[in-house]
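The values are calculated or read from the model by the stated rules, or taken from the named source; none is laboratory data. In this text, all values refer to a predicted model and were calculated from it rather than measured experimentally. Virtual Cβ from ideal backbone geometry, glycine too; neighbours counted across all protein chains shown.
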Amino acid sequence: MTVGFSTRALVLRARPLGESDVLAWLLTKEYGTIRAVAKGGRTSRKRFRGALEPFALLDASLENGRGELLRLSETTLLDPHLGLAMDLARLEAATRLLRLLLRGASEESCGNALFEAASSAVSRLAEPGQTAVRAVELWARLAVLRAFGLEVSLERCVGCGANVPTQRKVFFHPVRGGVVCTPCGGGPLLLRAEAASLFVESSHRCVDIAAAQDLDTDHRALDDFEQWHVVRRGKDGQTGA
Ligand SMILES: [Zn+2]
């Protein structure tokens, strides 16, 4: 029996399947990430016009087929986010974000939060504007990790839970998941005061401007955090892609 349903979705990845079909990875608003086959997706330009490309935001109609894979029966393209193609830095940042989503999102990570974080980040990156791309990316990474259930502890020591004073340099421990005060042993990365406050601010909102040095520091800290909490977790048997 065929059961149909509709959902808003962001295309994370798409690849040809056979002569005429397309296999698409979608982050959906209600169902976490799903994989679906668009029958005739390579040939029927009319039905799927522009909708089977990474970064596309769409309304998707899906059906449960006979096999395990869902079938994408119809799409309405809402926003292809073409602005990303105009600027290499924006495209690269958005691509890294999709990679994180493919690695960390699962069918269980449903709920609106992840979809909202990811789709608003992609739209923001696609908008030409004054905002520093790496600053948008920092805010987006923190929001996506939080939606995965991986809150990076930036205001409280992961050891004792004490508030970490702002405007001061602080140790960061990627494996323990955030900042660590000196009595609790510190950590392998020392964030200078400006990098620490940028980190905290970016966990609440997207900042407009930040020093490249501090953005680099915070992104490096998150690279290590993700390596431990997303990539390894994926390798330990979750649904990493
Ligand atoms: Zn502590």
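Worth pointing out:
- Scanning segment 56-85 for residues that are over 17 Å from Leu97 (Cβ atoms) and of a type in the set (Gly, Ala, Ser) turns up Ala60, Ser61, Gly65, Gly67, Ser73.
- Qualifying residues in segment 129-173 (those that are assigned to a loop (DSSP other than H, G, I, E, B) and β-branched (Val, Ile, Thr)) - the one farthest from the ligand (Cβ to nearest atom): Thr131
Per-residue answers, yes or no, for (1) in contact (Cβ under 8 Å) with a residue 40 or more places away in the chain; (2) surrounded by 14 or more Cβ atoms within 10 Å (Cβ to Cβ); (3) on the phi > 0 side of the Ramachandran plot:
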site	(1), (2), (3)
Gly149	yes, no, yes
Lys169	no, no, no
Thr182	no, no, no
Leu191	no, yes, no
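- Extreme residue, nearest to Val144 (Cα to Cα), among residues of segment 179-215 that are in a helix (DSSP H, G or I) and within 16 Å of the ligand (Cβ to nearest atom): Ala196
- Residue in segment 65-74 that is in a helix (DSSP H, G or I), of a type in the set (Lys, Arg) and over 16 Å from Ser119 (Cα atoms) present: no
- Remark: Arg176 matches the filter, which requires a residue to be within 16 Å of the ligand (Cβ to nearest atom), assigned to a loop (DSSP other than H, G, I, E, B) and under 22 Å from the mean Cα position of the chain (by Cα).
- Pairs meeting the criteria (first residue in segment 103-119 and modelled with pLDDT of 70 or more, second residue among the small types (Gly, Ala, Ser) and in a helix (DSSP H, G or I), beta carbons under 6 Å, at least 6 apart or on different chains) are Arg103/Gly234; Ala113/Ala147; Leu114/Ala147; Ala117/Ala143; Ala117/Ala147.
- Residue match in segment 89-96 (condition: within 16 Å of the ligand (Cβ to nearest atom), in the same structural domain as Cys206 (by TED's automatic domain parsing) and either part of a helix (DSSP H, G or I) or crowded, with 21+ Cβ neighbours inside 10 Å (or both)): no
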